1. Can you give me the convex hull volume of the Cα atoms of the range 433-526, divided per residue and expressed in Å³?
2. Whole angstrom only: what separates the Cα centroid of the range 86-122 from the Cα centroid of the range 345-364?
3. What is the gain in length, in nm to one decimal, between residue 650 and residue 139 on full extension, counting 0.36 nm per residue of separation less the C-alpha to C-alpha distance?
4. Antiparallel as a % of all DSSP beta bridges within the chain, to the nearest 5?
5. If you bin every alpha carbon distance in the range 353-426 into 5 Å steps from zero, what whole percent lands in each bin?
6. For the range 498-650, what is the convex hull volume of its Cα atoms per residue in Å³?
7. Does the chain come out rounded, prolate or oblate, given a ≥ b ≥ c as the square roots of the eigenvalues of its C-alpha gyration tensor, rounded meaning a/c under 1.5 and, failing that, prolate meaning a/b above b/c?
8. Based on alpha-carbon centroids, what's the gap between the range 299-326 and the range 195-219 in Å, whole number please?
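What follows is calculated from the coordinates using simple rules that are stated; it is not laboratory data. As the structure is a prediction and not an experimental result, all values here were calculated from the model. We place every Cβ from the backbone using ideal geometry, glycine too, and count neighbours over all the protein chains shown.
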Amino acid sequence: MLLQRVGCVCSHASRYRRSGVRILVVSAHYPPDFVSGGTLTPQRVARGLRSRGHDVSVYAGSLDAERAPASSWSEVEETGMQVRWVASWPWIGWDDLNCYDNKRIAADFAEHVARVRPDVVHFHSLQSIGAGLLPAARSAGAGVVVTMHDFWWICARQFLVDREYQPCCVVVDAGACECEVDRTWLEARTARLAEYLSHADVVFAPSATAVRVLAANGVDSAKLRVDENGVAGDGTTVERATDRRGPEDCVRFLYAGGPNPMKGVHVLVDAAQRLRSRHGWRLSMYDIDQYLQRSGASVDGAPVDKYPPFAPETADQVFARHDVLVVPSVMRESYSLLTREALLHGLPVVCTDSLGPEEVVDHGRNGLVVPAADPAALAETMGRLVDDRELLSSLQAGCTGVRVRSLHDQLDGLERTFTALVARRTPRPANGDIERVLFVCGIGGAPLRYRARLPAEALALRDVRSEVLHYRDPRVDVAADTADAVVVYRVPATKQVLSLLERVRDGGGVPLLFDVDDLIFDPDLASEIPALRILPRPEAELWLEGVRRYRTTMEACDVYIGSTDALCRHAADVTGLPTERFDNGVGMLTSRFSDLELARPRADGPPRLGYFSGTDTHDEDWAYLEPAIVDVLGRHRDIELWLVGFASPSPALDAFSDRIRRLPLQPWTRLPAALRDIDINVAPLDPGGRFNEAKSAIKWLEAALTATPTVASPTEPFREVIVHGDNGLLAADLDEWVTGLDHLLDHQHERKRLGNRARRDALLHWSPHLQANRYLDLLERARARVAEGRPLRSSEWDPLVLDEPVEASPRALEPYGTETVRRGDPTRAVVLAKRAWRTLRDEGPVAAARRSADFVRRALRSPR
C-alpha cells in the first residue's frame, strides 16, 4: 500500500549534499509515541531531509502519562536523529485552552530553540503543545513554516464537523456552529491563533482544496502553498488487478476508514441496512468492531463481511478483491490518500462531498459523489452500481490519469522552500495605506447592503474602519476629511455632492470611486431598461433623470467599481474611466442566518419550485419563463410553486392556483428561511438585452448559501458561477428549462448534491475574508493611480445637477450588524451533559465518566 511504503529516502542523497540547512521539525505527536498517518508525515520529512545532508532535529509532544506535564527530555532515534520530547498528555482535549495556547510548553520550546538555533522551524500538528511556539521561533531568527494537515487552525474540532457528526460551514466565521464549547470561546480562539499564525513565512496544506478553504477562512493567501504528502515510489507504479470477476457476479464494495464516526462508518452501516434486501452486492468493512461495540449498531442480516485492519503488505490484494471503494466521511478531508490509491488500482470511488477526495473523483467518470451524512443518498448510489453494471464498467474504465506524489518530489520542494527562506527570508507583507473608508450612498435596501455594508464588514476583518452614510447626511463632510478612500455608491448628482468630490480631489491623494451595480448610467440604453418600459410615463421620466444624475456623479470620480465584467466594459467604453470589478459576495450575517436554517430539515410538503422576484421590475423575466413552468406544473401534479415578491403571473397559471403560494417580499434576515424551504430556485432573465446580461448572479448566491440548487438563464455572470451539472443548471431556452426542472424534480439526491456544492463554491470563492482582500487591493490600486497623478479627462457628457441641501439631522440608513445570529450560548453544564451523552453513545460508560471528570477539571482551571 502506497501509504505504508516508507523509508529513509537515502537514494540520490549524494546528489543533494550541499551546505545543509539546520531544520527543526515540530509535531504534537510523533512515532513511536503515537503512530498514525498524520504523525508518519513529519517523521518521513525529517528523516528524508536528514538523509540529504541537512541538520535536522525534532521537537515533539508525548502522550506518556507517566511523565510530569510539560517535562521534557531528549532521545536519539534509530537513525541517529535527535528528538526532544515534551509531555503534553493533559492537554489533548479540543476544549482546553492549553491545547492551542500552552504557555508552559511555549516557554520550554523557547529555551530549546535558543539552544538549537535552527535556520528553519517546520511546524506540523500543534494541538496540545499550542501555537504559541511560532513567535518563539520567529524571535530566534528562524524561518517559520507551518503545514496544516487538517483544519485545526480554524476549527477547534479540527475537521469542520459538529458535535453531532454533521458537516459544518467551511468558512467558520460565516457559520453558526458553536464548535467545541460556544461561539464566544471559538471567536477568542480564532483571534489568538490568527495572531500566532502571523509569524509564519509559509503555510503549506496537502491539497489545492485545503488551500482554498484556508484562504476563505482568512489565512494569508500570499503565504499559502500546496505541499501534497509524498509516498515512497514514483506515485504511479501499481499493478492493476486483472482477476476481477465479470458483471455476472456481485459488486464488491470496500470500506477501510476504521471505527471513527468522523469517517462515516455509521452512515455506511445505515446505508447497508437499507440495501439488505437488494441482491448482487457484498461489503467488506475493515476495523469496525470497536464502533459496533460502542454504538450497539449491527450489520446482521446485511451482506457485510467484517475484517480486522489489513497489513500494509496485503493492500494490493485487498484492492484486487473489490470493485468499488466507499469513502463515507462526514469530516472534511484535506487530502485522502486512500481515494487516490483506489483509483490507481482501478477501483472507482463512491465518496461524500468531503473536499479532499473530490479533487480526484470526477463525478460520473471515475466515481460518484454523494452528500455527506446522508445514508439514504449513499444507499441509492450504491444501489445504482449494483443494478447498472454498464455504469460500473464505465467508471472503472475512467480510473486513469491519477498520480500520487512521491516523497522524493516532496523533499525537493521542501528543500527549495527552506533554502530560499535561509537565503532571503520571505518578506512579510506590509500593511497598506488604506485605514479609513467612507461609503457615501444614495439608495437603501439590498443594493446598499451588498455594495456598501458587506464591503465595510469585510474590510473590518483587515482592521480597516468604514463609515456608511447617506449623501445628504451632515456628517459626510467631516468623514471625508479623515478618509483614505471615498466610495460613492449610486449617488445622484447634486451641487453639494459635486462640491464635496471637488474638495476631496483638491486635497490630493484620496481616490474617488463610483459604484453602481446595474446598467443605469447610460441614458442611451433607455429602451433596454425594464423599469422604463413598465413604469407610467411621468415615473419613467423621473427614473431616466436619475440615470443622468448618476452618470454626472460618475464622471466626477476617478475609478468605476462594477459587479460584473459587462458593467465594467460598458463603463470604460462610455466614460473612459479605469474600472475595477468587485463581485457581490457572501455577507457574514446572511451566511450565518443561512447556516441556522440548514440545521433544520426543509418544511414538510411536496417538492417546491421558487421564484424570488426581488423588486417589481422583473415581470418580463417571469413572462419569459412562465410557459415552461406551466408545462412542468401540468405534468408534475405533486409539486408547488412559490412566488415571492412582486411577480405578476398571467391567467395561464389560474388552473394551478391550489398549488401556488404567494409570499411578500422577504426581509433579508428571513430570506434564508424561505429559500431553505424550496427545493429548486429558478433565476430566469429575459434573453438578449444588455441590461440583463450585466446583472450579477446574486440569485444563485443567495440560494446557494441555503444549499438550494438553482436553474438559471446562461447570462455571462451565471455562466461564471454555475458549472452546469455540478453546482446548478443552466437553461438557454424553454426546452432546456423544462428538461432541467424535470431532472431535478425526479432526483432528490441530485438536488442535494448540486445544492451542497453550490454552497461550498459560494463560500470558498466569495467569503468575507477573500472579499476583504479584493476590496482593499482595488482601493490601494486606485490610491496608487491618484498618487501618480490624475489624468486629464475630456468628456462630452452633458451634466444634470440638482440642488439638494444637506439635511439638518443625520439620515438614517437601514441598520446592519445589530441582528443576533446564534443557536444559543450554552452553559458549561449543558456542554458537559451533551458531551457525556455523546461519549456514552460512542465509547461506553467508562469513557463517558472519565471524560466528564476531565472536562470539569479543565473548566475549573481554565479562564473564561
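1. 105
2. Between the Cα centre of the range 86-122 and that of the range 345-364, the gap is 37 Å.
3. Values: separation 511, 0.36 × 511 = 183.96 nm, distance 7.14 nm.
Extending this stretch completely gives an extra 176.8 nm.
4. 5
5. Percent of pairs per bin, in order: 3, 13, 16, 15, 13, 9, 7, 8, 7, 5, 3, 1, 0.
6. 161
7. oblate
8. 35
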